[in-house]
1. Against the conditions (1) away from the ligand (no atom under 16 Å from the Cβ); (2) of a type in the set (A, V, I, L, M); (3) in a helix (DSSP H, G or I), where does residue 126 fall short? Just the number, please.
2. Only residues that are within 12 Å of residue 115 (Cα to Cα) and out of contact with any strand residue (DSSP E or B) (no Cβ under 6 Å at 6 or more places or on another chain): list them for the stretch 131-141, please.
3. For the stretch 145-164, state whether one or more residues are over 22 Å from residue 51 (Cβ atoms), loosely packed, with under 14 Cβ neighbours inside 10 Å and modelled with pLDDT of 95 or more.
4. Against the definition (more than 25 Å from residue 173 (Cα to Cα), touching a His at 6+ places or on another chain (Cβ under 7 Å) and either among the aliphatic types (A, V, I, L, M) or within 10 Å of the ligand (Cβ to nearest atom) (or both)), how does residue 79 come out, yes or no?
5. Quick one: in the stretch 212-221, of everything that is of a type outside the set (Ser, Thr, Tyr) and touching a helix residue (DSSP H, G or I) at 6+ places or on another chain (Cβ under 6 Å), which residue is surrounded by the fewest Cβ atoms within 10 Å (Cβ to Cβ)?
6. Counting just the residues of the stretch 4-61 that are of a type in the set (Val, Ile, Thr), away from the ligand (no atom under 14 Å from the Cβ) and crowded, with 23+ Cβ neighbours inside 10 Å, which one comes out nearest to residue 193 (Cα to Cα)?
7. Under the condition of being over 16 Å from residue 94 (Cα atoms) and of a type in the set (Lys, Arg), which residue from the stretch 225-250 is surrounded by the most Cβ atoms within 10 Å (Cβ to Cβ)?
8. For residue 200, all conditions in the list (1) assigned to a helix (DSSP H, G or I); (2) exposed (fewer than 15 other Cβ atoms within 10 Å of the Cβ); (3) within 21 Å of the chain's Cα centre (by Cα) hold save one; what is the number of the exception?
Amino acid sequence: MKGSIGVFDSGYGGLTVLKEIVKQLPEYSYLYLGDNARAPYGSRSFDTVHQYTLQCVEWFFSQGCSLVILACNTASAKALRTIQQKDLPLIAPSNRVLGVIRPTTEVIDNYTHTNKVGIVGTTGTVSSGSYPIEIAKFYPDIKVFQEACPMWVPLIENNEYNNPGADYFVQHHLQNLLKQDADIDTLLLACTHYPLLIDKLRQFTPDHINIVSQGEIVAKSLVEYLKRHPEMEERCLKTGAIDFYTTDSTTDFNNKATIFWGDNVQSKYADIR
Ligand code: DGL
């Protein structure tokens, strides 16, 4: 049976990825789920992020999805490997769950000339060490510098990211990151919420630094994945429909999702707990 491609985030951030995926693959059907009732995931433990993410992945499977993208760095960093290696073989061996870290690290050398890359992300993503570990596998010559920005997601989720109050937290973390090495020439936004901060980040980042968002990278990587895996591609429904689900209030989701999606969103409730 064919099903939609599932796209997951703890909240709204994954919408920035879904938007790019739909641009590149408009013919497919998509199911988006934000686990807003339990967001943010950024400062939660490995076990908790794994438990929540697995429940959501199982929900996608129950809706007929056989391919799920974790459009969340925190879930990709803290839950993806366990889901792929331990859970999937038991619950749905022919289904696939993909993350956002691998596709991003695979192409990071396209952006840096100095081989010095700065990463901003949630506390969970940064402390997992996933980016330095994955980048070292592909590009051992690239040096990675990280900074956890625990206030950025709450500022974005509360629609305060364009206000002057956000300036302090943006500047503070950028300075902490950039002072680690004067030759950092690439700033990777390793959180799917952060593209909303792009204007503020540009304002406080020296011009020569490349700011990299993941949406387009992840979308391109999905295009290639579907070419390489016709057995998965065949299982993906093509109606062009996009359905949005949230584990919290649909009214709140519809209001806030517009900021990320740029258009009206009509969500449905998913009872996951
Ligand atoms: N959008 C998630 C990410 O990419 C972070 C949001 C959260 O902390 O839940 O890491």
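1. Here residue 126 meets the rest and fails (1).
2. The answer is 136, 139, 140, 141.
3. For the stretch 145-164, residues over 22 Å from residue 51 (Cβ atoms), loosely packed, with under 14 Cβ neighbours inside 10 Å and modelled with pLDDT of 95 or more: absent.
4. On the way: more than 25 Å from residue 173 (Cα to Cα): yes; touching a His at 6+ places or on another chain (Cβ under 7 Å): yes; either among the aliphatic types (A, V, I, L, M) or within 10 Å of the ligand (Cβ to nearest atom) (or both): yes.
Judged against the criteria, residue 79 is a match.
5. Selected residue: 216.
6. Looking only at the stretch 4-61, we keep the residues that are of a type in the set (Val, Ile, Thr), and these are 5, 7, 16-17, 21-22, 48-49, 53, 57.
Then keep just the ones that are away from the ligand (no atom under 14 Å from the Cβ); that gives 5, 21-22, 57.
From what is left, the residues that are crowded, with 23+ Cβ neighbours inside 10 Å are 5, 21, 57.
Numbers: 5: 20, 21: 16, 57: 20 Å.
Filtering first and then ranking leaves 21.
7. Filtering first and then ranking leaves 238.
8. (2)
The values are calculated or read from the model by the stated rules, or taken from the named source; none is laboratory data. This one's a predicted model, so the numbers in the text were calculated from it and none came from an experiment. Neighbour counts run over all protein chains shown; Cβ positions are idealised from the backbone, glycine included.
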